[in-house]
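Visitor: Dumping the structure here so I can ask a few things about it.
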Amino acid sequence: MEALKLDHVSKRFGGLHVLEDITLSVEEGERVVLIGPNGAGKTTTFNLINGQLPVSSGRIFLFGEDVTRLPVHTRAHRGIARSFQISSIYPNLTVLDNAILTAHGLRRSRFGVLRSVTAYPELMEKVQTALDHAGLWEERHEFVKNLAYGEQRRLEIALTLAGDPKLLLLDEPSCGLTRGECGDMIHVINTLPRGITTIVVAHDMDVIFGVAERIIVLFYGKLLADGDPATIQADRQVREIYMGVEEGTERARAF
Amino acid sequence: MSMFFTNLVNGLAMGMVYFLTAAGMSIVMGVMGISNLAHGALYMVSAYVGWQVFRGFHWPFTVAVIAGGVAGGLLGLFIERVFLRRLYKQPNEQVLLTYGFVYIFTNACIWIWKGWPRLPFTAAALKPVMIGGLRFASSRFLLIALGALSAVALWYLQDRTRLGARVRAGMDDKEMAQGMGVNMEMVSMIVFFIASFVAGLSGVLGAQVMGINAEAGNTILLQALVVVIIGGVGSIQGALLGGLMIGLLDTFGKVLFPQLAMFTIYLAMVIVLVVRPQGLLGRRG
Amino acid sequence: MNENAKRARPNVMPWAWRLLPVVLAVALLVVMPGFLPEFLQRMMSKFLIFAIFSISYNIVAAYTGLISLGQAAYFGVGGYTVGVLMAHYGINSLWVTALAGVTLGSLAAAVVGPIVLRVSGMYFLILTFAIGRLGYSLTWNLPFFNVPQGIQGIAGLPRPVTGIPGFQFTEFSFYFLVLVFFAIAMFLQYRLSRSPFGHSLEGIREGETRMEALGYNVWLHKYLSYVIAGAFAALAGVLYVYMNRFIEPADFDIMRSFYPMAMVIIGGPATLWGPAVGAAAIVFVEYFSSILVPARWPLILGSLFVLTIMFARKGLAVYAADLWSKAGAKLWKR
């Protein structure tokens, strides 16, 4: 089953072409890493997939369904979960509050006015599990702004996973983490249930090769290369972009 | 026919007053992102100060106008430096805070000037002018002339000077502009002062046409908001266009359909906000 | 499992100490008024009515983040509905007029909602304010809303009739009517703030983008919040007309809209007791300043307001609660 399909998707801002004619498809359960130099359009791609930006042309399919016109929240209910490059957890709310908001997002209970937020035992259990995984249950009454950045990222990822998503979009999950924390992050991603389709945007080589079963390379809005890690590493054009290898010679320039 | 011309001149004069008040507010709002609801109150205080200078101290009218401008400018600067500066990027708090000042300034004016419902304030030195057999108060023409002059000056400042460029840079990203060596503190101060100064001028001049009363803080605020919204936030040209339109609509409206004049103007504002929030000539969407 | 303490540190004091302020408040509200002179009873009514009005602002602005300068529009709709029913149609029944007032107020908010929600931030503020002004100019101009002819507004309204034979409202019994409505309003606010929906409003205030990504239909939540707030404002308007027996166009105006705003800010935004504390503070300070320094009240109110925004952002209720907790912790340290 195709989890995600982009069909000739383009995105323009006025005269600026951010993405041009992207066509790709991702099978259920694949682990894909999306790479490319800054400005290549990686975050924009995520924004189009989850609906925060409308496509200028083309169509997007989620598990076979055309979601091109669907709003963000509806797509969330179709199984997309996303983390953001810059921490999007609410700093002025507590860890617990953030977790509770995540828990109710996909339930009818989000419209509930009569019961207290804590009177939903199954949801509160999920919350506890997620916070335990992130190692933040003890700190649940802390305001997020008082947490270390690494803890905030951990929390964000844990909450993104908490909703049992079918398609997971992780935008630079290791951004700002220490080496050790980064290793933990890679481990978390690799131990995700196989049913979850995962697309990660990454810059860090450790993350890219630690996680990827398939790498997609974007370059100035165009799809440049798409294949397994070994193929991509050997690909001439990719090497040129990342390491400035000139034709005929093997001199590498640091990029 | 003479009615038409009288109303036309009056409408244009009113329009200029609206323009002058709205211009400052529009720039500060659109370009600095600051919502200053006390702008109308600045107008009011300046009008009283001008009155005091002219009628109280019996100094020349020109001095009164400048005094009004300076009073407005200083007061605006005070609000910006002491209060608004600490509320950077908190638009809700800015709005609330500045509206609190409306209360304070309005009551202060009542206190100092004993809350006379309407102070008559026509500079007798300005003699009426005769054109084509019709008599006009020369203040109207003065207003129109000054308004046009200010429009040109402000437009020049905004679009053709480095100060204007710096302001526009700072609107998008304060840190970035600072990083490029623009002293945003200074720029903020200057812009806010100019905007408030112009509001002050319009206070003294506007009083020629409308008199002064302690409700001006609110009514002028409303009128300025209407003009800013219709003309478009962040644009001098928009404020001019909007101001003249509203001035004419208001004047002719009072004559032709007095019951509904108020209503039509607010309705126009609502429609613009809903259909084209950036106004007729606005910069920001 | 399940502590649901929401503050950063759970309280360690005995529940009796935490309960004490509530007991005092109840005593103050229920028992004391019986011993007060009539004009003070009326002031208590006024305070509670404005507390309800402030809850309206609390919901839409402090919880949801939609700063509305036009809640008075629904206050006006509620009040004028009662006024019109009584003056033009002779309907004096408490039940009918109150229900009609709140319903029409909510309907007005439901109709206006999609219009004002098309814009956000500063434009939303200005638009809500403009809507209030529209209401003002309508009621100012149309003769239907000015009874008897020649004055602005509707005057000479009777007290509402309950249908209980022989029962007429006195200042005191009217106060209890208001108290009951206040209790209901507080209860609803309480339930709302603890509910998932209420939490979602705070999430929306903190950041809409993430909420959408989590699956919340942000527009719908904002709309519901706006309508609910409109209902509370309308209720306040209804009670206000019962109390004053008079309503005027100025009741739609921004000056009216400022009061609940100031009350919530001063009392404590997005807290349960903030609106009531702020309302009490303002109504009573207004009373005292009218005795001591008449005509300086707006200056005092404005200054209080500015000072609160600059230095006491969390509001009186929160600082008072913190002080109380600290006092309790000290007392119970042994």
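Visitor: What residue, among those in the range A:43-97 that are outside any helix (DSSP H, G or I) and acidic (Asp, Glu), is farthest from the other protein chains (Cβ to nearest Cβ)?
Guide: Applying the filter and picking the extreme gives A:Asp66.
Visitor: Has the range C:319-330 got any residue that is hydrophobic (A, V, I, L, M, F, W, C) and under 17 Å from the mean Cα position of the chain (by Cα)?
Guide: No, every residue in the range C:319-330 fails to be hydrophobic (A, V, I, L, M, F, W, C) and under 17 Å from the mean Cα position of the chain (by Cα).
Visitor: Separate question: What's the number of the condition A:Gly176 fails, among (1) in contact with a Phe, Trp or Tyr (Cβ under 6 Å, 6 or more places away or on another chain); (2) modelled with pLDDT of 85 or more?
Guide: Among (1) in contact with a Phe, Trp or Tyr (Cβ under 6 Å, 6 or more places away or on another chain); (2) modelled with pLDDT of 85 or more, A:Gly176 violates only (2).
Visitor: Answer yes or no as to whether B:Phe78 is at pLDDT 90 or above and within 8 Å of chain C (Cβ to nearest Cβ).
Guide: No: the conditions fail for B:Phe78.
Visitor: Determine whether C:Val277 is crowded, with 21+ Cβ neighbours inside 10 Å, of a type in the set (A, V, I, L, M) and either within 12 Å of chain B (Cβ to nearest Cβ) or not in a loop (DSSP other than H, G, I, E, B) (or both).
Guide: Working: crowded, with 21+ Cβ neighbours inside 10 Å: yes; of a type in the set (A, V, I, L, M): yes; either within 12 Å of chain B (Cβ to nearest Cβ) or not in a loop (DSSP other than H, G, I, E, B) (or both): yes.
Taking the combined requirement at face value, the residue satisfies it.
Visitor: Which members of the range C:102-159 meet the condition of being within 13 Å of chain B (Cβ to nearest Cβ), among the small types (Gly, Ala, Ser) and surrounded by 17 or more Cβ atoms within 10 Å (Cβ to Cβ)?
Guide: Hits for the range C:102-159 are C:Gly113, C:Ala130, C:Gly132, C:Gly135, C:Ser137.
Visitor: Counting only residues that are out of contact with any helix residue (DSSP H, G or I) (no Cβ under 6 Å at 6 or more places or on another chain) and either over 16 Å from A:Ile196 (Cα atoms) or hydroxyl-bearing (Ser, Thr, Tyr) (or both), how many does the range A:53-63 have?
Guide: Count: 7.
Visitor: Does the range C:20-41 include one or more residues that are at negative phi, at pLDDT 85 or above, in contact with a Phe, Trp or Tyr (Cβ under 7 Å, 6 or more places away or on another chain) and surrounded by 24 or more Cβ atoms within 10 Å (Cβ to Cβ)?
Guide: Among the residues of the range C:20-41, not one is at negative phi, at pLDDT 85 or above, in contact with a Phe, Trp or Tyr (Cβ under 7 Å, 6 or more places away or on another chain) and surrounded by 24 or more Cβ atoms within 10 Å (Cβ to Cβ), which makes the answer no.
Visitor: Among the residues of the range A:120-156, how many are more than 24 Å from A:Arg78 (Cβ to Cβ), facing chain C (nearest Cβ under 9 Å) and out of contact with any strand residue (DSSP E or B) (no Cβ under 9 Å at 6 or more places or on another chain)?
Guide: 5
Visitor: Restricting attention to the range C:225-255, report how many residues are more than 12 Å from chain B (Cβ to nearest Cβ), under 28 Å from C:Glu38 (Cβ atoms) and assigned to a helix (DSSP H, G or I).
Guide: Residues flagged as more than 12 Å from chain B (Cβ to nearest Cβ), under 28 Å from C:Glu38 (Cβ atoms) and assigned to a helix (DSSP H, G or I) within the range C:225-255 amount to 14.
Visitor: Taking the range C:167-207, which residues are acidic (Asp, Glu), under 30 Å from A:Leu53 (Cα atoms) and modelled with pLDDT under 95? So that I can check it myself, show each step before the final result.
Guide: Initially, the range C:167-207 is screened for residues acidic (Asp, Glu), giving C:171, C:202, C:206.
Adding the requirement that they be under 30 Å from A:Leu53 (Cα atoms) leaves C:202, C:206.
Listed by number, the list holds a single entry, C:Glu206.
Visitor: Do you know which residues across the range C:42-90 are on the phi > 0 side of the Ramachandran plot and away from chain B (no Cβ under 14 Å)?
Guide: C:Gly90
Visitor: Here's something else I'd like to know. Only one of (1) of a type in the set (Lys, Arg); (2) at the interface with another protein chain (Cβ under 9 Å from one of its Cβ atoms); (3) touching a residue at least 12 places away in the same chain (Cβ under 8 Å) fails for A:Arg110. Which number is that?
Guide: Here A:Arg110 meets the rest and fails (3).
Visitor: Condition check: in a loop (DSSP other than H, G, I, E, B), over 18 Å from A:Ser83 (Cα atoms) and of a type in the set (S, T, N, Q). Does A:Ser109 satisfy that?
Guide: Criteria not met by A:Ser109.
Visitor: Out of (1) under 16 Å from A:Val72 (Cα atoms); (2) in a loop (DSSP other than H, G, I, E, B), the odd one out for A:Pro37 is which?
Guide: Going through (1) under 16 Å from A:Val72 (Cα atoms); (2) in a loop (DSSP other than H, G, I, E, B) one by one, A:Pro37 breaks only (1).
The values are calculated or read from the model by the stated rules, or taken from the named source; none is laboratory data. A quick note: this is a predicted structure, and the numbers were derived from the prediction, not measured. Note that each Cβ is placed from the backbone with ideal geometry, even for glycine, and that neighbours are counted across all protein chains shown.
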